[in-house]
Amino acid sequence: MKKSIMALSATLLLGGAVSAQKVAFEEYTLDNGLHVILQNDPSAPVVITSVMYHVGAKNENPERTGFAHFFEHLLFEGTQNIKRGEWFKIVTGNGGTNNANTTEDRTYYYEVFPSNNLELGLWMEAERMLHPVINQIGVDTQNEVVKEEKRLRYDNSPYGELIPEVKKKMFTNHPYRWTTIGSMNHLDAATLDEFEAFNKKFYVPNNAVLVVAGDFDKNQAKEWIQKYFGVIKKGAPIERETFVEEPITKTIKSKFEDPNIQIPMIVASYRTPSMKTRDARVLDFISTILSDGKSSRLYKKIVDDKKMALQIGAFSYNQEDYGTYILYGLPQAPSTAENILAEIDAEIVKLQTELISDKELKKLQNKYDNQYVNSNSTIEGIAENLATFHLLYKDVNLINTEIEIYHSITPEEIRDVAKKYLNPNQRLVLDYVPTDKSNN
């Protein structure tokens, strides 16, 4: 009884936090097309300036993959007014931190400063947009940095080729078939003119959103935004090609040998709809049911109870155009990959034929409430969420309302979505195995 009261109290507190934690924001657009979102929070004397560009790996020439990720690095090299190698010194010298990241769909840059350095943050991001220096020394330097990153994250990392292999097999037409890091041969072959053209096309105000979040004066911020960003010329309209993948109707079977592993992995991967869809959010629920934590269905059954696997997992690789739903397991002898896949399939069939209980649904909702609170608990999280919901979802207020979508998901929807997307004839089955040294 005591535990029930404590659980009820925690639920009520969490529910209160969810309803109370509405993110207030203001948005407007400059004449050059730059969208601006301001979110004022004076609770801590810090401010973030961030710019998200609607360019990622999917916008690349198939013969020049890796450009978007390369620019994540290249645009820290310097500008006409920030000397090469000075960017990070300026940030740290003024008490700040900064970073950037790239996906298939967008590239994101940000600085976090003490509140009295807002103008500096805005000036630096405007400099990156207006006056980047793209020269051979910068390209050569960052080429070596990216090659080292590829060696670390992919070539020499256990299971490092898992996502690249899945992407290659799941997509035949869409640019999602290659990874954000791209091909080193493509980067080596690229000319300075090609890098300059890519910058001119995509890193323009009408292809970006600027977010300022934290402790700042709105009127002053607007003045500075107009001063530094308003003078940047609008770029040419970007024509975006639509890539359509035919449905998978027959199991795709593949094998990959990884010299960095000793334990094989079985992978089952399904193509799913855009992250903007309701079905994608239902699939998030399904992945949580199957493999989120030690009480999840797959972990409890296959790892704990039957001792068939060392590890089991499932996750949604959510993207703007299509998603990929990936299940994986590491067999524990004497169990085999086939045994693991059969157990996974049995749990999927259960989801396709039986409704989850009200208790399990409530547990899901509580987990997503917790994730919602955590994702908006820092100005960094809020800024990135605001930028993402505007740029990729076209609805900034999803930062406040997406949790309501998750709360409205029913057990019937979970059953129906599992039936719709998670069938054996709709997937890739990848045997990801150690390199056979007897062939060497």
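The values are calculated or read from the model by the stated rules, or taken from the named source; none is laboratory data. Keep in mind it's a predicted model, so treat the numbers as computed, not measured. With ideal geometry, Cβ positions are generated from the backbone for all residues, glycine too; neighbour counts draw on all protein chains shown. Heavy atoms of the whole protein, side chains included, go into the accessibility calculation; ligands, DNA and RNA do not. Shrake-Rupley method; radii C 1.70, N 1.55, O 1.52, S 1.80 Å.
Along Cα→Cβ, 7 Å out, is where each label goes; now give me the distance between the ones at ASN94 and VAL145 in nm to one decimal.
Inter-label distance under the simple model: 1.9 nm.
Over the chain, what percent of the accessible surface lies on carbon and sulfur atoms, probe 1.4 Å?
52
Please give the residues of the stretch 339-359, grouped as numeric ranges, whose backbone N is less than 11 Å from a label point set 7 Å along the Cα-to-Cβ vector of LYS300.
Of the residues in the stretch 339-359, 357 have backbone N under 11 Å from the label point off LYS300.
What does the charge count around LEU392 come to, taking other residues whose C-beta lies under 13 Å from its C-beta (Lys +1, Arg +1, Asp -1, Glu -1)?
Local net charge: -2.
Using a basic spin-label model with each label point 7 Å from the Cα along Cα→Cβ, how many nm lie between ASP416 and VAL23?
Here the answer is 3.0 nm between the modelled labels.
Would you mind checking the pairs LYS169/LYS201; LYS276/LYS367; LYS168/LYS394 and listing those with alpha carbons more than 22 angstrom apart?
Where the Cα-Cα span goes over 22 Å, the pairs concerned are LYS169/LYS201; LYS168/LYS394.
Set Lys and Arg Cβ to +1 and Asp and Glu Cβ to -1, take the dipole of the chain about its Cα centre, and tell me which of PRO205, THR103, PRO424 lies farthest positive.
PRO424
Which is farthest toward the positive dipole end of the stretch 195-337 among ILE261, GLN220, GLY293, measuring Cα position about the Cα centre, with Cβ charges +1 (Lys, Arg) and -1 (Asp, Glu)?
Among ILE261, GLN220, GLY293, the one farthest towards the positive end of the dipole of the stretch 195-337 is GLY293.
Over the chain, give the accessible area per residue in Å² for a 1.4 Å probe, as an integer.
Values: 20080 Å² over 440 residues.
About 46 Å² of surface per residue is accessible.
List the lysines whose alpha-carbon lies under 18 Å from that of LYS306, not counting same-chain residues fewer than 8 positions away?
LYS294, LYS350
Give me the compactness ratio for the stretch 57-174, meaning the Cα radius of gyration over 2.2 N^0.38 Å.
In units of the 2.2 N^0.38 Å rule of thumb, it is 1.23.
7 Å from Cα along Cα→Cβ at both ASP345 and LYS255: what's the point-to-point distance in nm?
1.9
Per residue of the chain, what 222 nm ellipticity follows from adding -39500 (n - 2.57) for every DSSP H run with n ≥ 4, rounded to the nearest 500?
Details: 15 runs with 184 residues, N = 440.
Result for the chain: -13000 deg cm²/dmol, rounded to the nearest 500.
On a full-extension model of 0.36 nm per residue, what is the gain between LYS201 and ASN425, subtracting their alpha-carbon distance, rounded to one decimal in nm?
Stretched out fully, the LYS201 to ASN425 stretch lengthens by 76.6 nm.
Taking 0.36 nm per residue of separation and subtracting the Cα-Cα distance, what length does fully extending GLN352 through ALA189 add? Let's see the in-between values first.
Details: separation 163, 0.36 × 163 = 58.68 nm, distance 4.90 nm.
Computed gain between GLN352 and ALA189 is 53.8 nm.
How many percent of Cα pairs in the chain exceed 33 Å?
43
Set the Förster distance to 41 Å, then compute FRET efficiency between VAL433 and ASN397 from the Cβ-Cβ distance, nearest 0.05.
Computed FRET efficiency for VAL433 and ASN397: 0.30.
Can you tell me the dipole magnitude for the stretch 85-197 around its Cα centre, using point charges on the Cβ only (Lys, Arg +1; Asp, Glu -1), in Debye to the nearest 20?
520
Go through PRO114, GLY160, MET170 and say which Cα lies farthest out towards the positive end of the charge dipole of the stretch 113-250; charges sit on Cβ, +1 for Lys and Arg, -1 for Asp and Glu.
Positive-most Cα among the choices belongs to MET170.
To the nearest 20 debye, what charge dipole does the chain have about its Cα centre, counting +1 at the Cβ of each Lys and Arg and -1 at the Cβ of each Asp and Glu?
For the chain, the charge dipole is close to 1060 debye.
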